[in-house]
Amino acid sequence: MSSRINRRAVLSTAVVGAGALSGCLSILPSVDSDRPLPNAPTGAWTQYGANGANTFTPGVSAPSKGNLAWTSEAFTRFQPVVADGIVYITNFDPSHDGSVIALDGQDGTEQWRTTLNASGANATAVVDGHCLIAYDTELVALDATTGDRIWSKSTNGFEHLVADDATGTVFVVSDNSIAAFSATAGKLRWETDRLRPVHAPAIHGGGLFAVGYVDETPSLVCLAVNDGSNRWQRDLSSVPESAAPVVTAEGVFLSDDRTLVVHDRETGARQRELYSFERESVGSPTTVAVADRTVFANSASGILAVDSETGRERWHRAESVSYPVGLCVGTETVVVPVDNPEFAPQKKTISAFDRKTGATRWYYAFDPGFHHHVTSSPALVDGAVFFTATHIDGLGALGDVPTRDN
């Protein structure tokens, strides 16, 4: 069922701020935070890693301030996606109605809500004017403008969802297969169980690059997007625990046995090793992002930027990352959730660091309270950062709005 809604119900939250840095600080006690962003956000974050290549770099500018603009009344703890100024969220949870909800990106006005009566883990992607939702053993396509249900298909299960804009294909990844569907018609194009994938694959130049097990061997595999045929396979030392592969014109970037490595896109040959996380006290990278000859990674030991050709360290922030799978790289800044940073002791934050130097630009902080935390990877578009967290039990929008006093 889809319903068109043109109203805004206010959720009481609060912002207290002090311009402590270049940018601004926001803290959350208790005032209304229902303020529109100064401009309608542009750009897109249409799926898990911003795009099909998993680069986590949408090519947009983060807001100059990180003040809380508005929050949605709709419950969600799952990653939002953004396209054409609309934010798409799901409220899948046993205590809610399992709906897909579209919100105006500038002020949070609810545009439509389609009830699927679903619960549990899910993912959303927007491609070819369709809003695709994968959950349990279902893949559902909604009209991205109206929320009308267009088609639904049964799947072999769900772990990840990846969309390819170039071919209009959406890939449902389970723990033992990858299935490719037409985004517009829902037709199954191909399916393979040759690889047991463990992360969201990355797509570039007609190839789908996936990490997982082939006959129990840790492997990096390239499949043809159009028919699923095998282009090449390369053995790995181990399957990365958390970080999904990233693919650009420079190559395929991934973590292999605690080492950032680059493989050739055309042959799969291992080209170079960039950085060993054996140097760090704890943790392999949990998110890898690539942009303009720089690789960014976060891990339990902090946030890192290295040269994508030489591996030379450009900067390193020894911050505790609060949501391990989450990193947004804008044209000037890197936005990431961090816990208890030096600049905001005993707080949980979403922080923006200078992309070239790692210097703090701004941060939004909230009192961690009882188990309060960020619940999904933030989504960055031009002029806004959208995030979910338990202290608001829903979606929040950060942007260049004035700091509020008590």
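The values are calculated or read from the model by the stated rules, or taken from the named source; none is laboratory data. This structure is a prediction, so every number in the text was calculated from the model and none was measured. Cβ sites come from the backbone with ideal geometry, for glycine too, and all protein chains shown count toward neighbours. Only protein heavy atoms, including side chains, enter the accessible area calculation; ligands, DNA and RNA are left aside. Shrake-Rupley method; radii C 1.70, N 1.55, O 1.52, S 1.80 Å.
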For the range 90-212, what are the per-bin percents of Cα-Cα distances with bins 10 Å wide, up to the bin holding the maximum?
13, 44, 32, 10, 0
Along principal axes, largest first, the alpha-carbon spread of the range 144-204 in whole Å comes out as 36, 26, 18
In whole Hz, with x marking every Gly and Pro, tabulate ³J(HN,Hα) for the range 355-364 from phi via Karplus 6.51 cos²θ - 1.76 cosθ + 1.60, θ = phi - 60°.
5, 7, 10, x, 5, 5, 8, 7, 8, 10
Run the numbers on the chain and let me know its relative contact order in percent, using alpha-carbon pairs under 8 Å that are six or more apart.
19 percent
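How big is D, in µm² s⁻¹, for the range 320-391 by Stokes-Einstein at 25 °C and 0.890 mPa s if Rh is the Kirkwood radius over C-alpha pairs?
The Stokes-Einstein estimate is 201 µm²/s.
Report the net charge of residues surrounding Val338, where surrounding means a beta-carbon distance below 12 angstrom and charges are Lys +1, Arg +1, Asp -1, Glu -1.
Neighbourhood net charge equals 0.
Please report the net charge: other residues with Cβ closer than 15 Å to the Cβ of Asn39, K and R +1, D and E -1.
Within the 15 Å Cβ shell, the charges total -3.
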Protection proxy (average C-beta count within 10 Å per residue), highest first, orders 358-366, 288-296 as 358-366, 288-296
Return the label of the correct value of Cα Rg over 2.2 N^0.38 Å, as calculated from the structure shown, out of (1) 0.94; (2) 1.24; (3) 1.11.
(1)
Once phi is turned into ³J(HN,Hα) by the Karplus curve 6.51 cos²θ - 1.76 cosθ + 1.60 with θ = phi - 60°, what whole-Hz value does each residue of the range 199-216 show in order, with x for glycine and proline?
9, 5, x, 10, 10, 6, x, x, x, 10, 9, 10, 10, x, 10, 10, 6, 6
Residue-count net charge about Val140 - beta-carbon cut-off 9 Å; Lys, Arg +1, Asp, Glu -1:
+1
Near the amide H of Glu138, under 5 Å away, which other amide H atoms are found, from residues 5 or more places off or on another chain, if H is placed in the peptide plane?
Thr155
Once amide H atoms are placed 1.01 Å from N in the peptide plane, what residues at a sequence separation of 5 or more from Asp165, or on another chain, have their amide H within under 5 Å of its amide H?
Gly52
Apply the Karplus parameterisation 6.51 cos²θ - 1.76 cosθ + 1.60, with θ equal to phi minus 60°, to every residue of the range 343-354 and state each ³J(HN,Hα) to the nearest whole Hz, in sequence, with x for glycine and proline.
7, 8, x, 6, 10, 9, 9, 10, 10, 10, 10, 4
Of the listed peptides 181-189, 309-317, what is their order by residue-averaged count of other C-beta atoms within 10 Å, with the highest listed first?
181-189, 309-317
Taking the alpha-carbon centre of each part, the distance from the range 294-327 to the range 332-386 in Å is 14 Å
Please list the non-local residues whose amide H lies under 5 Å from the amide H of Asp400, H modeled 1.01 Å from N, same-chain partners needing a gap of 5 or more.
Ser64, Lys65
Keeping all protein chains in position, work out how much accessible area Arg196 exposes to a 1.4 Å probe, and write it in Å² to the nearest 10.
90 Å²
Run through the range 168-246 and list the GluC sites (Glu not before Pro) located in a DSSP loop whose Cβ has at most 10 other Cβ atoms within 10 Å.
Glu216
